[in-house]
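Colleague: Pasting in a structure now, in structure tokens, and then I'll have a few things to ask.
The values are calculated or read from the model by the stated rules, or taken from the named source; none is laboratory data. For clarity, every value in this text was computed on a predicted model and none was experimentally measured. Please note: Cβ atoms are built from the backbone with ideal geometry, for glycine as well, and neighbour counts cover all protein chains shown.
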Amino acid sequence: MTQPLLRVNDLVKNFALKGGILGRIVDEVHAVDQVSFDLSAGETLGLVGESGSGKSTTGRCILRLIEPTAGEIWFEGRDIVKLDAKELGALRRDMQIIFQDPYASLNPRMTVGAIVGEALIIHGLAKSRRAIEERVVELLETVGLGADHMRRYPHEFSGGQRQRIGIARALAVSPKLIVCDEPVSALDVSIQAQVINLLEDLQKEFGLTYLFIAHDLSVVEHICTRVAVMYLGRLVEIASSRDLYTRPLHPYTEALLSAVPVPAPRAKRQRIRLEGEVPNPINPPTGCHFHARCPIRQLPLCSTEKPQLKRAADGHWVACHLRG
């Protein structure tokens, strides 16, 4: 079998909580709890779940924008957790990110040309000012903008245009992997479709690989090859997009899909309403993190034993004692 472009093994990220006059560590937030998955070249893997499930933290740990607490992150056969600053700096060319908020992710004091061209200067990809400008124009035209936009500032653009600038910035260094951290959630619905179509076109043109983080399942269904579902820091299900949407196995996945609006006016979908609220990640439930809200829980099994991801079918994995 071909080696995956990205392999994540037992990724853990805890955030320390400090308190008292001396600022000592009093507790920890368990943001990511032993997450493992593979991502093949040219694939789009969707990472979905409620707010606070650990999706964005997982993406940022993979890029080492946040340092993981434990685990392995293999990219093209190298464990990037063990790389030093110089080695990691060289690797930045191959791994980029598109941020969620197009308003906050662009420096308001820099022109669009400077924003997109900055990476070219840092990585020494252009030898002269003219070469930088030519490459910036090429990138802007690739994402649907024009050469005349180069001299403008971010506040002069709409949200969708700003996100296109962010995409151009990510493309500047010709990366192999792009982490899309909820890239359309801050945009109007009509603009979302345009940006999604752009990302698909760029993937075909440049052979890109996406880790697509989102909470909108309808968006994920459209763009993703496979989907991984997270709940309170853990992966609960991984499957192809078609299998997940037609035959979900985990009760949490079923509940998420039941909340997706049905486009046909007369079509009906039974809504699954979960009990209570998402537990506190400082003190998550024992056993299965979802058991307190699960409609099919079986006690004491679900409250005492942690379910492992197990293969339920070809390419379909689920972490549930009662399913699979």
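Colleague: Scan the stretch 25-55 residue by residue and report those that are touching a strand residue (DSSP E or B) at 6+ places or on another chain (Cβ under 7 Å), polar (S, T, N, Q), surrounded by fewer than 20 Cβ atoms within 10 Å (Cβ to Cβ) and not in a strand (DSSP E or B). Steps first, answer last, please.
Modeller: Initial filter on the stretch 25-55 (touching a strand residue (DSSP E or B) at 6+ places or on another chain (Cβ under 7 Å)): 25-39, 41-49, 53-55.
Pick out the ones that are also polar (S, T, N, Q) and you get 34, 36, 44, 53.
Filter again for surrounded by fewer than 20 Cβ atoms within 10 Å (Cβ to Cβ), leaving 34, 36.
Result: no residue meets the conditions.
Colleague: Could I ask something else about it? Take the conditions over 30 Å from Ile25 (Cβ atoms), among the aliphatic types (A, V, I, L, M), in contact with a strand residue (DSSP E or B) (Cβ under 6 Å, 6 or more places away or on another chain) and in a loop (DSSP other than H, G, I, E, B) and apply them to Leu249. Does it pass?
Modeller: Judged against the criteria, Leu249 is a match.
Colleague: Identify, please: which residue in the stretch 308-318 is touching a residue at least 60 places away in the same chain (Cβ under 8 Å) and out of contact with any helix residue (DSSP H, G or I) (no Cβ under 8 Å at 6 or more places or on another chain) and is, among those, nearest to Asp33 (Cα to Cα)?
Modeller: Leu309
Colleague: Can I ask one more? Pairs please, first residue from the stretch 270-283 and in a loop (DSSP other than H, G, I, E, B), second anywhere and at pLDDT below 85 and surrounded by 10 or more Cβ atoms within 10 Å (Cβ to Cβ), Cβ atoms under 7 Å, 6+ apart in sequence or on different chains.
Modeller: Every condition considered, the pairs that remain are Arg271/Ala259.
Colleague: Now for a different question. For the stretch 74-89, give me the residue count where each residue is assigned to a helix (DSSP H, G or I) and either among the hydrophobic types (A, V, I, L, M, F, W, C) or buried (at least 20 other Cβ atoms within 10 Å of the Cβ) (or both).
Modeller: Final tally of qualifying residues: 4.
Colleague: Then there's this: Test Lys18 against the stated conditions and say whether it is modelled with pLDDT under 95, touching a strand residue (DSSP E or B) at 6+ places or on another chain (Cβ under 6 Å) and of a type in the set (Lys, Arg).
Modeller: Against the criterion (modelled with pLDDT under 95, touching a strand residue (DSSP E or B) at 6+ places or on another chain (Cβ under 6 Å) and of a type in the set (Lys, Arg)), Lys18 qualifies.
Colleague: On to the next question. Pick from the stretch 206-222 the residues that are at pLDDT 90 or above and over 15 Å from the mean Cα position of the chain (by Cα): which of them is surrounded by the fewest Cβ atoms within 10 Å (Cβ to Cβ)?
Modeller: Step by step, filter the stretch 206-222, then rank; the result is Gly207.
Colleague: Hey, can you tell me all the residues within the stretch 120-152 that are free of Cβ contacts under 8 Å to residues at least 40 places away in the same chain and surrounded by 15 or more Cβ atoms within 10 Å (Cβ to Cβ)? Don't jump to the end; show me each part of the working.
Modeller: Step one: of the stretch 120-152, the residues free of Cβ contacts under 8 Å to residues at least 40 places away in the same chain are 121-122, 124, 126-141, 145-150.
Once the filter is applied, which keeps residues that are free of Cβ contacts under 8 Å to residues at least 40 places away in the same chain and surrounded by 15 or more Cβ atoms within 10 Å (Cβ to Cβ), the stretch 120-152 yields Ala126, Ile132, Glu133, Arg135, Val136, Val137, Leu139, Leu140, Leu145, His149, Met150.
Colleague: Search the stretch 188-210 for residues that are in contact (Cβ under 8 Å) with a residue 24 or more places away in the chain and at positive phi and pair each with any residue that is surrounded by fewer than 17 Cβ atoms within 10 Å (Cβ to Cβ) and not β-branched (Val, Ile, Thr) when their beta-carbon atoms are under 9 Å apart and the residues are at least 6 apart or on different chains.
Modeller: Gly207/Ala41; Gly207/Gly42
Colleague: For the stretch 228-242, which positions are assigned to a helix (DSSP H, G or I) and either modelled with pLDDT of 95 or more or among the hydroxyl-bearing types (Ser, Thr, Tyr) (or both)? Break it down into steps so the answer makes sense when it comes.
Modeller: Step one: of the stretch 228-242, the residues assigned to a helix (DSSP H, G or I) are 241-242.
Correct list: Ser241 only.
Colleague: Exactly one of these conditions fails for Pro295: (1) buried (at least 19 other Cβ atoms within 10 Å of the Cβ); (2) in contact (Cβ under 8 Å) with a residue 12 or more places away in the chain; (3) not in a helix (DSSP H, G or I). Give me its number.
Modeller: Evaluating Pro295 over (1) buried (at least 19 other Cβ atoms within 10 Å of the Cβ); (2) in contact (Cβ under 8 Å) with a residue 12 or more places away in the chain; (3) not in a helix (DSSP H, G or I) leaves (1) as the failure.
Colleague: Sticking with this one: Taking the stretch 11-44, which residues are touching a Ser or Thr at 6+ places or on another chain (Cβ under 8 Å), under 23 Å from Lys306 (Cβ atoms) and of a type in the set (A, V, I, L, M, F, W, C)?
Modeller: Leu11, Val12, Ala31, Val32, Val35
Table: residues versus (1) in a loop (DSSP other than H, G, I, E, B); (2) free of Cβ contacts under 8 Å to residues at least 60 places away in the same chain; (3) buried (at least 19 other Cβ atoms within 10 Å of the Cβ); (4) under 20 Å from the mean Cα position of the chain (by Cα).
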{"site": "Ile66", "(1), (2), (3), (4)": "yes, yes, no, yes"}
{"site": "Glu72", "(1), (2), (3), (4)": "no, no, no, yes"}
{"site": "Leu91", "(1), (2), (3), (4)": "no, yes, no, yes"}
{"site": "Ala104", "(1), (2), (3), (4)": "yes, yes, no, yes"}
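Colleague: Looking at the stretch 109-143 only, could you name the residues that are at pLDDT 95 or above, closer than 21 Å to Phe206 by Cα and in a loop (DSSP other than H, G, I, E, B)?
Modeller: Matches in the stretch 109-143: Val143 only.
Colleague: Please tell me if Ala170 is among the hydrophobic types (A, V, I, L, M, F, W, C) and touching a strand residue (DSSP E or B) at 6+ places or on another chain (Cβ under 6 Å).
Modeller: yes
Colleague: Can you find a residue in the stretch 251-266 that is of a type in the set (D, E, K, R) and under 22 Å from the mean Cα position of the chain (by Cα)?
Modeller: Taking every residue of the stretch 251-266 in turn, at least one turns out to be of a type in the set (D, E, K, R) and under 22 Å from the mean Cα position of the chain (by Cα).
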